[in-house]
Structures are given as C-alpha cells and as structure tokens.
Amino acid sequence: MYLGVEVLHDLPHHTIHIASDYQKNLDEIENQHVLSADPSFYIQNACVTDSSLAPQGQSTLYVLVPVTHQHPNVDWSKEAPAFRENVLDHVDKLGLSDLRRRIRFEKIVTPDDWDSSYEVHNEATFNMAHNFNQMLHKRPNNRFEDLDGVYLVGGGTHPGSGPPVIYESARITIRLIAADLGPVSAKASRPSHSSATR
Ligand SMILES: Cc1cc2nc3c(=O)[nH]c(=O)nc-3n(C[C@H](O)[C@H](O)[C@H](O)COP(=O)(O)OP(=O)(O)OC[C@H]3O[C@@H](n4cnc5c(N)ncnc54)[C@H](O)[C@@H]3O)c2cc1C
C-alpha cells in the first residue's frame, strides 16, 4: 500500500508490527492461504529521513503486508477492500489515528497485480523461494551452464534476492566475465569516432 498523506507522522523510518499470534499469521500465509484478521506488517515513513519526498508537512507511507501467494482461497477482487480496512485499523493502533481521513493518494498492489500488471510469474516477487533450499549456492549459477558466453545476474541467480545480495551477484558475474573474456577497459570497448562512422 503506497500512501500520500497530508501530515508527517511521528513514526520512525522503519516500523515492523508483528501479529500477536505470529505463528498463526505465518500458518495462514504459508499453509491455509487465507488473509489474516491480525496481520503482521512493515511501515516505511521515509519522510522523517528525506522530507523532499512529499510537499512540506505531508508525507509518504509504504505499508507492506505479507500475504499468501495467489490461491483459490483468496479472491482479491472481492477481498481487497475489506483487507484494506483491516490493515488501516491495525495501522491506526500504532498511533497513526485518523489516517484514513488524511490520505490524499493511495495505490494498492495485491498478488493479483504482480501477475497481471507486472508480469511477475506466480507473483514470485522474490524470484525463487526465499529459503535455504533455494538460496545461495542452490540458486542457478551466474555462468550459464548449457550455453557458452551467457551469464546470469540478479535476484533469480546466485546468491539470491534482495538488493544487498544482488550487488554481490553482479560482482560475481562481472568477475566471471572478466575471467572468461579478459578485462575490457571502458575505452577499448567504446567504438572510436572513426570506426563508428565507417
Ligand atoms: C513488495 C516488495 C518488497 C521488497 N522488499 C525488499 C526488502 O525490504 N529488502 C530486500 O532486500 N529486497 C526486497 N524486495 C526484493 C527486491 O526488490 C528484489 O529482490 C530486487 O529488486 C530484484 O532485483 P533484480 O535486479 O534482480 O530485478 P528487478 O529489480 O526486478 O529488475 C529487473 C528490471 O528488468 C526490467 N525488465 C524486465 N524485462 C525486461 C525486458 N524484456 N527488457 C528490458 N528490461 C526488462 C524490469 O522492468 C526491471 O526494471 C522486495 C520486493 C518486493 C516486490
């Protein structure tokens, strides 16, 4: 949920709210594939760090609510409005009272949207599973195994998803390319004016 609100809340940049029954919340996400009445969520109140993100005195809020991937148990076209109300009720309890009335802009992205609008297959926004069975060395290698001269980089390859690890993926891939092809200086790889016009 991306919100533009007409006030700057007294909330830290990062806030994580854990459901009172966290085990149940995880079970509802992973096994039962239903929306939790008491969800966990993360709120980013970025304007306390960078006030240029919104007009003076106003702010942006980003609310991330972990939910099940697409499943017949959840029809987002029907359930999204009630789930929005539920999430806002919980957010209110963190001291952001009257938030609904102060929302000037709102965009909600559900698992349906990841698939239909953003073409993320199976809404796998973290690519393969974000667990030890599919992380690190269990992810595809950075050097393509079946085709010479093809390299992989990013969240879907070794070592895994999330920008800090993805930067490492880029470093590993570039090292492999340099080892295979030899380092190419920026100058040497750029066509000279005369060769470009020939
Ligand atoms: C809601 C959400 C919250 C997240 N929170 C966190 C977090 O808190 N911490 C964290 O570490 N990670 C988080 N992640 C995961 C993180 O965002 C991803 O792991 C990371 O962005 C993947 O980077 P990437 O470079 O591999 O791919 P992407 O960032 O997806 O970049 C791929 C790019 O390629 C472009 N592209 C695709 N196809 C083509 C094409 N045919 N031609 C040209 N361009 C193309 C796309 O438009 C895109 O810009 C989150 C992800 C989501 C969705």
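In a GNM of the chain with a 10 Å cut-off on Cα contacts, which of ASN25, ASN73, ASN127 has the highest mean-square fluctuation?
Most flexible of the set in this elastic network: ASN73.
Would you rank HIS9, HIS71 by solvent-accessible area, highest first, keeping every protein chain in place and using a 1.4 Å probe?
HIS71, HIS9
What spacing in nm lies between the two simple spin-label points modelled at HIS69 and GLN23, each 7 Å away from Cα in the Cβ direction?
About 2.6 nm separates the two model spin labels.
Rank ALA37, ALA179, ALA129 by mean-square fluctuation in a GNM of the chain with C-alpha springs under 10 angstrom and give only the top-ranked residue.
Of ALA37, ALA179, ALA129, the Gaussian network model singles out ALA179 as fluctuating most.
At 0.36 nm per residue, minus the direct Cα-Cα distance, what do ASP89 and GLU106 gain on full extension? Give it in nm, one decimal, please.
Extra length available between ASP89 and GLU106 comes to 4.5 nm.
Based on the Cα gyration tensor of the chain, what are the three equivalent ellipsoid semi-axes, each the root of five times an eigenvalue, rounded to whole Å and given largest first?
40, 24, 16
Can you pull out the trypsin sites (Lys or Arg not before Pro) in region 79-126 that DSSP calls coil and that have at most 10 other Cβ atoms within 10 Å?
Listed in order of number, the matching sites are LYS93.
Rolling a 1.4 angstrom probe over the protein chains, ignoring ligands and nucleic acids, what is the accessible area of VAL65 in square angstrom, nearest 10?
Per-residue accessible area (VAL65): approximately 30 Å².
If I stretch the segment between ALA124 and ALA82 completely, what's the gain in nm (0.36 nm per residue apart, minus their alpha carbon distance), one decimal?
Separation in residues times 0.36 nm, less the Cα-Cα distance, equals 12.7 nm.
Quick one: Karplus J couplings for region 25-40, per residue in order, coefficients 6.51, -1.76, 1.60, θ = phi - 60°, nearest Hz, x for Gly and Pro?
In residue order, the calculated couplings are 4, 5, 5, 5, 6, 7, 10, 7, 6, 10, 7, 7, 5, 10, x, 8 Hz.
Give me the net charge for the shell around VAL91: Cβ to Cβ below 15 angstrom, other residues only, Lys and Arg +1, Asp and Glu -1.
With Lys, Arg at +1 and Asp, Glu at -1, the neighbours total -2.
Nothing charged except the Cβ atoms of Lys and Arg (+1) and of Asp and Glu (-1): what's the magnitude of the dipole of region 1-125 about its Cα centre? Round to the nearest 20 debye.
The calculation lands at about 460 debye.
Kindly write out, for region 101-111 in residue order, the coupling ³J(HN,Hα) from the Karplus curve 6.51 cos²θ - 1.76 cosθ + 1.60 (θ = phi - 60°), rounded to whole Hz, with x marking Gly and Pro.
Karplus-based 3J(HN,Hα) across region 101-111 equals 5, 9, 6, 9, 9, 8, 9, 10, 10, 10, x Hz.
Using θ = phi - 60° and the Karplus form 6.51 cos²θ - 1.76 cosθ + 1.60, what ³J(HN,Hα) does each residue of region 141-155 get, whole Hz, x for Gly and Pro?
5, 6, 9, 4, 7, 9, 9, 5, x, 10, 10, 10, 8, x, x
Please list, in chain and number order, the residues 5+ apart from TYR151 or on another chain whose amide H is under 5 Å from its amide H, with Hs placed from the backbone.
The answer is PHE144.
The values are calculated or read from the model by the stated rules, or taken from the named source; none is laboratory data. Predicted, not measured: the structure shown is a model, and the values here were computed from it. Quick reminder, even Gly has a Cβ in these numbers, built from the backbone with ideal geometry, and neighbours come from all protein chains shown. All accessible areas refer to the heavy atoms of the entire protein, side chains included, with ligands and DNA or RNA removed. Shrake-Rupley method; radii C 1.70, N 1.55, O 1.52, S 1.80 Å.
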